[in-house]
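Peer 1: One structure coming up, written as structure tokens, with questions to follow.
The values are calculated or read from the model by the stated rules, or taken from the named source; none is laboratory data. Quick caveat, the model's predicted, so the values are computed rather than measured. Here the Cβ positions follow ideal geometry from the backbone for every residue, glycine too, while neighbour counts run over all protein chains shown.
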Amino acid sequence: MNAPPIVRIEQVTKRFGSFAAVDAVSLAIPRNAFFALLGPSGCGKTTLLRMLAGFEQPSEGRILIDGEEMAAVPPNRRPVNMVFQSYAVFPHMTVAENIGYGLKVTGVPRPEIERRVAEAVAMVRLQGFEERRPDQLSGGQKQRVALARALVKKPKLLLLDEPLSALDRKLREEMQLELVRLQHEVGITFVIVTHDQDEALSMATHIAVMNRGRILQISDPRSLYERPRTRFVADFIGQVNVFDARLLDRGETGVRVMVEGLGEIEVPEREPPAEVVALAVRPEKMEVRTEGPQAGPLQLAGRIGQIAYFGDHSRIFVECDGLRLICIRHNRSRIEETPLAEGMACYVSFRPEDAVLLSS
Ligand SMILES: Nc1ncnc2c1ncn2[C@@H]1O[C@H](COP(=O)(O)OP(=O)(O)OP(=O)(O)O)[C@@H](O)[C@H]1O
Ligand SMILES: [Mg+2]
């Protein structure tokens, strides 16, 4: 069964003066998705969330939540709650009072408040902290209070604007797992804004990449990483080697492309973009060898530049005829591999099926 999407954004533009912060965006968010909006600073992520929450009105287009047009619905009537970057908790209230506050002001009877607060406290695992005040909590705990406060109202849609950016790395990774668990548990659709690509890749079921007010691609994390469609998306998600390229012709099993620095290559791609401008290869798909050359066209002779050691893997930069390639080598113990060192002559190769064709 294909349930209708929980959110439908239709041709939405938001202008501040003559500047379009959000530019003709259309998208659907499926029910129960963990939907991430990813993009560089200033690309319009917060503006899009604020329109969903009702804090901003679209200049054009319309927004439907659960099938209902939102134009005339004020923020407090929308089935939506928003958690902000700087976890705004009331400093003079206890954890329990903070979480119950939204219910209290809407006149929910006291026994029900107590029951729902206890439920929300358990959800974010803050049992035993109910009577503490925010200044007696860690950053991660405060963020859990903010989450519980949003969840206690049982919204259909939870909007999270960079909810973890104030936390240090270890705590952030812990909270990422926690958010994924919570989303599974409560079955509410989450829309999270982040400019951390790893965060989006590891948490989300759907990722929308935004740039300059527009959505460039919406995919599941794996497709986004393995099959970016444009140069911007390939570059923005993870690291990548990009070669200028153009399409020569299409065949039964793939396409022939002319690649700068490599010559003609056949790529087994059945649905190449209409206009090919580049060919991309992820660093972990690049092999670095000190012996060679071997037969086969996809090989570049170069010299090893910097090597950055990361424990489980090393990042190796190779200078090839004016190109600077990045390769990843996994450091498996006990496997005999030629140790690489800066300055060594080497060959870099990749398989054509690991290449992705990009449009501009
Ligand atoms: N109220 C406003 N008036 C004028 N311009 C605004 C207003 N709000 C946002 N903008 C502009 O709209 C653009 C998008 O802003 P927005 O806050 O949505 O970006 P963002 O993607 O959330 O960025 P960040 O990652 O830095 O939070 C920016 O250029 C911003 O300066
Ligand atoms: Mg923002």
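Peer 1: Could you list, in sequence order, the residues of region 180-225 that are of a type in the set (D, E, K, R) and assigned to a loop (DSSP other than H, G, I, E, B)?
Peer 2: Asp196, Arg212, Asp220
Peer 1: Still on this structure: Which one of the conditions (1) surrounded by fewer than 18 Cβ atoms within 10 Å (Cβ to Cβ); (2) modelled with pLDDT under 95; (3) within 16 Å of ligand 2 (Cβ to nearest atom) does Phe19 fail to meet, given that it meets all the rest?
Peer 2: Every listed condition holds for Phe19 apart from (2).
Peer 1: Which of the residues belonging to region 65-107 are loosely packed, with under 11 Cβ neighbours inside 10 Å, touching a residue at least 40 places away in the same chain (Cβ under 8 Å) and either farther than 20 Å from Ala166 by Cβ or among the β-branched types (Val, Ile, Thr) (or both)?
Peer 2: Within region 65-107, Gly67, His92 qualify.
Peer 1: From the set of residues in region 278-303 that are part of a loop (DSSP other than H, G, I, E, B) and under 21 Å from Val356 (Cβ atoms), which is modelled with the lowest pLDDT?
Peer 2: Filtering region 278-303 for residues that are part of a loop (DSSP other than H, G, I, E, B) and under 21 Å from Val356 (Cβ atoms), the one modelled with the lowest pLDDT comes out as Pro297.
Peer 1: Here's another thing I want to ask about it. Hey, among the residues in region 161-190 that are under 11 Å from Met203 (Cα atoms) and hydrophobic (A, V, I, L, M, F, W, C), which one's farthest from ligand 2 (Cβ to nearest atom)?
Peer 2: Leu177
Peer 1: Counting just the residues of region 29-49 that are closer than 25 Å to Ala72 by Cα and near ligand 2 (Cβ under 9 Å from one of its atoms), which one comes out surrounded by the most Cβ atoms within 10 Å (Cβ to Cβ)?
Peer 2: Top of the filtered list is Lys45.
Peer 1: While we're on this one: What number of residues within region 179-194 satisfy the criterion of being of a type outside the set (Asp, Glu) and surrounded by fewer than 18 Cβ atoms within 10 Å (Cβ to Cβ)?
Peer 2: Looking only at that region, the number is 5.
Peer 1: In the set Gly254, Gly213, which member is of a type outside the set (Phe, Trp, Tyr) and either closer than 19 Å to Ser26 by Cα or touching a helix residue (DSSP H, G or I) at 6+ places or on another chain (Cβ under 7 Å) (or both)?
Peer 2: Gly213 is the lone residue from the list that is of a type outside the set (Phe, Trp, Tyr) and either closer than 19 Å to Ser26 by Cα or touching a helix residue (DSSP H, G or I) at 6+ places or on another chain (Cβ under 7 Å) (or both).
Peer 1: Among His206, His195, which is the only one that is more than 29 Å from Ala3 (Cα to Cα), within 11 Å of the chain's Cα centre (by Cα) and either within 16 Å of ligand 1 (Cβ to nearest atom) or touching a residue at least 40 places away in the same chain (Cβ under 8 Å) (or both)?
Peer 2: Selected residue: His195, the only one of His206, His195 that is more than 29 Å from Ala3 (Cα to Cα), within 11 Å of the chain's Cα centre (by Cα) and either within 16 Å of ligand 1 (Cβ to nearest atom) or touching a residue at least 40 places away in the same chain (Cβ under 8 Å) (or both).
Peer 1: Is it fair to say Val288 is under 17 Å from Asp321 (Cβ atoms), of a type in the set (Val, Ile, Thr) and surrounded by 12 or more Cβ atoms within 10 Å (Cβ to Cβ)?
Peer 2: Spelling it out, Val288 is indeed under 17 Å from Asp321 (Cβ atoms), of a type in the set (Val, Ile, Thr) and surrounded by 12 or more Cβ atoms within 10 Å (Cβ to Cβ).
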